[in-house]
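Worksheet: one structure, shown below.
The values are calculated or read from the model by the stated rules, or taken from the named source; none is laboratory data. Everything quoted here is computed from the prediction, not taken from an experiment. Glycine gets a Cβ as well: all are built from the backbone with ideal geometry, and neighbour counts include every protein chain shown. Accessible surface areas use protein heavy atoms only, side chains included; no ligands, DNA or RNA. Shrake-Rupley method; radii C 1.70, N 1.55, O 1.52, S 1.80 Å.
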Amino acid sequence: FQSIGQRRDVVVINAQMLVLDWYVKNINKKHPEVVDLELINIHEADMSMTRDRRILSLINKSLTNRDIYLAAYFGKDILQSKEIDLFPMGIVFQVFPKGHLNAKQALEKSGEHWNNYIMREVKQSENYGFQVGLIVKYYAVMLSNLGTFNFINNQPQEALKYFKKAVEIDSSDVLINN
(Lines give C-alpha, C1' and ligand atoms only; values in the text may rest on other atoms or scores of the structure.)
Protein backbone atom coordinates (compact mmCIF):
# COMPACT_ATOMS: atom_id res chain seq x y z
CA PHE A 1 0.00 0.00 0.00
CA GLN A 2 2.93 2.33 0.59
CA SER A 3 3.96 2.12 -3.05
CA ILE A 4 0.56 3.32 -4.28
CA GLY A 5 0.32 6.11 -1.71
CA GLN A 6 -2.41 4.67 0.50
CA ARG A 7 -0.28 4.28 3.66
CA ARG A 8 2.08 7.22 3.85
CA ASP A 9 2.55 6.49 7.56
CA VAL A 10 4.17 3.13 6.72
CA VAL A 11 7.82 2.95 5.70
CA VAL A 12 8.95 -0.38 4.29
CA ILE A 13 12.68 -1.01 4.46
CA ASN A 14 14.39 -4.06 3.01
CA ALA A 15 16.76 -5.19 5.77
CA GLN A 16 18.95 -7.17 3.36
CA MET A 17 19.52 -4.00 1.32
CA LEU A 18 20.56 -1.95 4.37
CA VAL A 19 24.15 -3.10 3.87
CA LEU A 20 24.25 -1.10 0.62
CA ASP A 21 25.14 2.56 1.15
CA TRP A 22 23.31 3.69 -1.99
CA TYR A 23 20.10 2.06 -0.66
CA VAL A 24 20.46 3.88 2.67
CA LYS A 25 20.97 7.19 0.82
CA ASN A 26 17.87 6.63 -1.33
CA ILE A 27 15.68 5.75 1.66
CA ASN A 28 17.06 8.79 3.50
CA LYS A 29 15.94 11.05 0.63
CA LYS A 30 12.36 9.74 0.94
CA HIS A 31 12.22 9.30 4.72
CA PRO A 32 14.89 11.37 6.51
CA GLU A 33 12.82 11.20 9.70
CA VAL A 34 13.35 7.42 9.75
CA VAL A 35 16.68 6.73 8.05
CA ASP A 36 19.68 8.74 9.16
CA LEU A 37 22.69 9.00 6.84
CA GLU A 38 24.84 8.09 9.85
CA LEU A 39 23.92 4.47 9.00
CA ILE A 40 26.51 4.45 6.23
CA ASN A 41 29.22 4.86 8.90
CA ILE A 42 28.31 1.46 10.38
CA HIS A 43 30.48 -1.26 8.84
CA GLU A 44 31.49 -4.66 10.18
CA ALA A 45 33.65 -7.40 8.67
CA ASP A 46 30.56 -9.59 8.31
CA MET A 47 27.70 -8.24 6.14
CA SER A 48 25.03 -9.74 8.40
CA MET A 49 26.53 -7.96 11.41
CA THR A 50 26.52 -4.69 9.46
CA ARG A 51 22.87 -5.29 8.57
CA ASP A 52 21.89 -6.07 12.17
CA ARG A 53 23.73 -3.06 13.62
CA ARG A 54 22.07 -0.81 11.05
CA ILE A 55 18.66 -2.30 11.87
CA LEU A 56 19.23 -1.73 15.59
CA SER A 57 20.26 1.85 14.85
CA LEU A 58 17.03 2.39 12.88
CA ILE A 59 15.01 0.86 15.69
CA ASN A 60 16.65 3.03 18.34
CA LYS A 61 15.97 6.17 16.31
CA SER A 62 12.31 5.46 15.54
CA LEU A 63 10.89 3.22 18.24
CA THR A 64 9.61 6.01 20.45
CA ASN A 65 7.49 7.62 17.73
CA ARG A 66 6.31 4.78 15.47
CA ASP A 67 5.46 1.09 15.46
CA ILE A 68 8.21 -1.14 14.09
CA TYR A 69 7.88 -4.67 12.73
CA LEU A 70 10.66 -7.02 11.64
CA ALA A 71 10.37 -9.91 9.23
CA ALA A 72 10.66 -13.37 10.77
CA TYR A 73 14.29 -13.96 9.77
CA PHE A 74 16.95 -11.75 11.34
CA GLY A 75 20.29 -12.16 13.07
CA LYS A 76 21.09 -13.17 16.62
CA ASP A 77 22.33 -9.66 17.49
CA ILE A 78 18.77 -8.42 17.15
CA LEU A 79 17.28 -11.43 18.88
CA GLN A 80 19.65 -11.03 21.82
CA SER A 81 19.47 -7.23 22.01
CA LYS A 82 19.22 -5.84 25.52
CA GLU A 83 17.39 -2.77 24.20
CA ILE A 84 14.28 -4.33 22.63
CA ASP A 85 11.65 -7.02 23.12
CA LEU A 86 10.14 -8.87 20.14
CA PHE A 87 6.60 -10.20 19.97
CA PRO A 88 5.45 -12.52 17.12
CA MET A 89 2.60 -10.99 15.11
CA GLY A 90 2.00 -13.38 12.23
CA ILE A 91 5.09 -13.64 10.05
CA VAL A 92 6.58 -10.48 11.54
CA PHE A 93 7.69 -9.46 15.02
CA GLN A 94 6.55 -6.24 16.63
CA VAL A 95 9.41 -4.41 18.33
CA PHE A 96 8.96 -2.91 21.81
CA PRO A 97 11.41 -0.99 23.98
CA LYS A 98 12.86 -3.37 26.58
CA GLY A 99 10.43 -3.73 29.47
CA HIS A 100 7.42 -2.13 27.71
CA LEU A 101 5.91 -5.34 26.36
CA ASN A 102 3.06 -6.65 28.50
CA ALA A 103 3.58 -10.31 27.61
CA LYS A 104 0.40 -11.57 29.28
CA GLN A 105 -1.81 -9.02 27.51
CA ALA A 106 -0.04 -9.57 24.17
CA LEU A 107 -0.43 -13.35 24.44
CA GLU A 108 -4.15 -13.04 25.23
CA LYS A 109 -4.69 -10.74 22.25
CA SER A 110 -2.65 -13.00 20.00
CA GLY A 111 -4.58 -16.06 21.18
CA GLU A 112 -7.83 -14.35 20.24
CA HIS A 113 -6.50 -13.68 16.74
CA TRP A 114 -5.28 -17.26 16.27
CA ASN A 115 -8.62 -18.70 17.37
CA ASN A 116 -10.28 -16.73 14.55
CA TYR A 117 -7.89 -17.85 11.80
CA ILE A 118 -9.54 -19.77 8.99
CA MET A 119 -6.50 -21.92 8.10
CA ARG A 120 -7.22 -24.47 10.82
CA GLU A 121 -6.91 -27.83 9.05
CA VAL A 122 -4.26 -26.86 6.53
CA LYS A 123 -1.25 -29.16 6.00
CA GLN A 124 1.77 -29.00 3.72
CA SER A 125 1.19 -30.84 0.43
CA GLU A 126 3.10 -31.40 -2.81
CA ASN A 127 -0.18 -30.60 -4.58
CA TYR A 128 0.08 -26.92 -3.69
CA GLY A 129 1.58 -24.41 -6.04
CA PHE A 130 4.75 -22.60 -4.97
CA GLN A 131 3.03 -19.55 -3.43
CA VAL A 132 0.41 -21.52 -1.51
CA GLY A 133 3.18 -23.81 -0.26
CA LEU A 134 5.07 -20.77 1.07
CA ILE A 135 1.96 -19.43 2.80
CA VAL A 136 1.46 -22.78 4.52
CA LYS A 137 5.15 -22.88 5.48
CA TYR A 138 5.01 -19.39 7.00
CA TYR A 139 1.80 -20.25 8.80
CA ALA A 140 3.64 -23.11 10.53
CA VAL A 141 6.60 -20.82 11.29
CA MET A 142 4.23 -18.23 12.82
CA LEU A 143 2.75 -20.85 15.10
CA SER A 144 6.20 -22.06 16.09
CA ASN A 145 7.34 -18.50 16.86
CA LEU A 146 4.30 -17.96 19.07
CA GLY A 147 4.97 -21.28 20.81
CA THR A 148 8.53 -20.17 21.52
CA PHE A 149 7.33 -16.85 22.91
CA ASN A 150 4.80 -18.61 25.17
CA PHE A 151 7.49 -21.00 26.41
CA ILE A 152 9.92 -18.18 27.17
CA ASN A 153 7.13 -16.43 29.10
CA ASN A 154 6.41 -19.45 31.32
CA GLN A 155 3.32 -20.65 29.46
CA PRO A 156 4.41 -24.22 28.59
CA GLN A 157 0.91 -25.61 28.02
CA GLU A 158 0.03 -22.81 25.59
CA ALA A 159 3.43 -23.21 23.93
CA LEU A 160 2.80 -26.91 23.43
CA LYS A 161 -0.53 -26.21 21.70
CA TYR A 162 1.16 -23.91 19.17
CA PHE A 163 4.09 -26.30 18.60
CA LYS A 164 1.67 -29.20 17.96
CA LYS A 165 -0.28 -27.13 15.43
CA ALA A 166 2.94 -26.12 13.68
CA VAL A 167 4.21 -29.71 13.46
CA GLU A 168 0.82 -30.94 12.18
CA ILE A 169 1.02 -28.43 9.34
CA ASP A 170 4.63 -28.91 8.27
CA SER A 171 6.68 -31.14 10.57
CA SER A 172 9.84 -31.34 8.47
CA ASP A 173 10.26 -27.61 7.88
CA VAL A 174 9.34 -26.52 11.42
CA LEU A 175 11.66 -29.04 13.02
CA ILE A 176 14.56 -28.27 10.70
CA ASN A 177 14.34 -24.47 10.76
CA ASN A 178 13.41 -23.77 14.39
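Between residue 134 and residue 8, residue separation times 0.36 nm minus the direct Cα-Cα distance comes to 42.5 nm. Placing unit charges on the Cβ atoms only, positive for Lys and Arg and negative for Asp and Glu, gives segment 13-91 a dipole magnitude near 200 debye about its Cα centre. When all protein chains stay in place and ligands, DNA and RNA are ignored, the 1.4 Å accessible-area order of 146, 101, largest first, is 101, 146.
Other residues within the sphere of radius under 15 Å centred on the Cβ of residue 96, judged by their own Cβ, net out at +2 (K and R +1, D and E -1). Each label point was placed 7 Å from the Cα along the Cα-to-Cβ direction; for residue 153 and residue 33 their separation is 3.0 nm. Fully extending the segment from residue 103 to residue 44, taken as 0.36 nm per residue of separation minus the present Cα-Cα distance, adds 17.9 nm.
Annotation: extensible slack from residue 22 through residue 92 equals 22.6 nm (criterion: 0.36 nm per residue apart, minus Cα-Cα distance). When the surface is traced with a 1.4 Å probe over the full set of protein chains, residue 63 keeps roughly 30 Å² accessible.
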